[in-house]
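Trainee: Quick one: the structure is below, questions incoming.
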């Protein structure tokens with residue numbers, strides 16, 4: 001009797017503490033070994049090229065840029081930011097944009113990806129903006145920072161959160 005009670009408690013605890021299938025990603029959120037690390041990463045974030053996580057390849061329209069445009073992965077790795085303006089530059093560059101195309105792994109992808117950024121180690125200046133999700137689930141943005149440095153981005157959407165560090169020259 002005592003053993004059966006312990007087994008029942010253990011089984012109940014294991015089931016109750018297991019993540020549900022609706023909140024647990026099924027694909028690996030990390031980049032593959034084919035990813036190349038580029039210079040210019042900062043904080044806890046590396047800038048990568050090719051070798052994006054499998055979930056990125058499954059999103060609509062990604063085949064055209066996923067292996068050619070440098071990207072960053074947030075922590076947890078549920079958001080990828082493709083840096084079309086790499087290297088990004090402070091101010092408002094006139095010869096190109098500081099375009100970041102955000103791909104979000106966890107849905108729902110509705111409304112906007114909320115972005116708040118500040119220089120690492122400082123609380124000001126702070127930049128807050130939003131990137132509206134388009135029908136494909138991507139969230140394109142052009143984000144200009146007022147000064148060079150390593151910027152910590154806090155990302156939130158539909159009850160989810162992630163962070164990523166990005167350098168602006």
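Trainee: Go through (1) at pLDDT 95 or above; (2) surrounded by fewer than 19 Cβ atoms within 10 Å (Cβ to Cβ); (3) over 15 Å from the mean Cα position of the chain (by Cα); (4) within 19 Å of residue 162 (Cβ to Cβ) and name the single condition residue 90 misses.
Mentor: That leaves (4) as the condition not met.
Trainee: Looking only at the stretch 135-148, count every residue that is assigned to a loop (DSSP other than H, G, I, E, B) and at pLDDT 90 or above and tell me the total.
Mentor: To start, the set of residues in the stretch 135-148 that are assigned to a loop (DSSP other than H, G, I, E, B) comprises 135-137, 143-148.
Imposing the further condition that a residue be at pLDDT 90 or above reduces the set to 143-148.
Going through the stretch 135-148 one residue at a time, the tally reaches 6.
Trainee: Buried (at least 16 other Cβ atoms within 10 Å of the Cβ), touching a residue at least 24 places away in the same chain (Cβ under 8 Å) and in a loop (DSSP other than H, G, I, E, B), is that true of residue 152?
Mentor: On the way: buried (at least 16 other Cβ atoms within 10 Å of the Cβ): yes; touching a residue at least 24 places away in the same chain (Cβ under 8 Å): yes; in a loop (DSSP other than H, G, I, E, B): no.
Judged against the criteria, residue 152 is not a match.
Trainee: Of the conditions (1) in contact (Cβ under 8 Å) with a residue 40 or more places away in the chain; (2) more than 22 Å from residue 65 (Cα to Cα); (3) in a strand (DSSP E or B), residue 110 satisfies every one except a single condition; which number is it?
Mentor: Condition not satisfied by residue 110: (3).
Trainee: Counting just the residues of the stretch 113-134 that are part of a strand (DSSP E or B) and more than 16 Å from the chain's Cα centre (by Cα), which one comes out surrounded by the fewest Cβ atoms within 10 Å (Cβ to Cβ)? Let's see the steps before the verdict.
Mentor: As a first pass, look at the stretch 113-134 and keep what is part of a strand (DSSP E or B): 113-119, 126-132.
Filter once more, keeping what is more than 16 Å from the chain's Cα centre (by Cα): 118-119, 126-128.
Numbers: 118: 18, 119: 19, 126: 13, 127: 15, 128: 10.
Result: 128.
Trainee: Take residue 109 and tell me if it is surrounded by fewer than 20 Cβ atoms within 10 Å (Cβ to Cβ), at pLDDT below 95 and out of contact with any strand residue (DSSP E or B) (no Cβ under 6 Å at 6 or more places or on another chain). Before the answer, list the steps.
Mentor: Values: surrounded by fewer than 20 Cβ atoms within 10 Å (Cβ to Cβ): no; at pLDDT below 95: yes; out of contact with any strand residue (DSSP E or B) (no Cβ under 6 Å at 6 or more places or on another chain): yes.
Taking the combined requirement at face value, the residue does not satisfy it.
Trainee: Which of (1) surrounded by 17 or more Cβ atoms within 10 Å (Cβ to Cβ); (2) more than 15 Å from the chain's Cα centre (by Cα); (3) farther than 18 Å from residue 144 by Cα does residue 49 not meet, given it meets every other one?
Mentor: Status for residue 49: all satisfied but (2).
The values are calculated or read from the model by the stated rules, or taken from the named source; none is laboratory data. Bear in mind the structure is a predicted one, so any value in this text is a computation, not a measurement. FYI the Cβ positions are ideal-geometry reconstructions off the backbone, even for glycines, and counts take in every protein chain you see.
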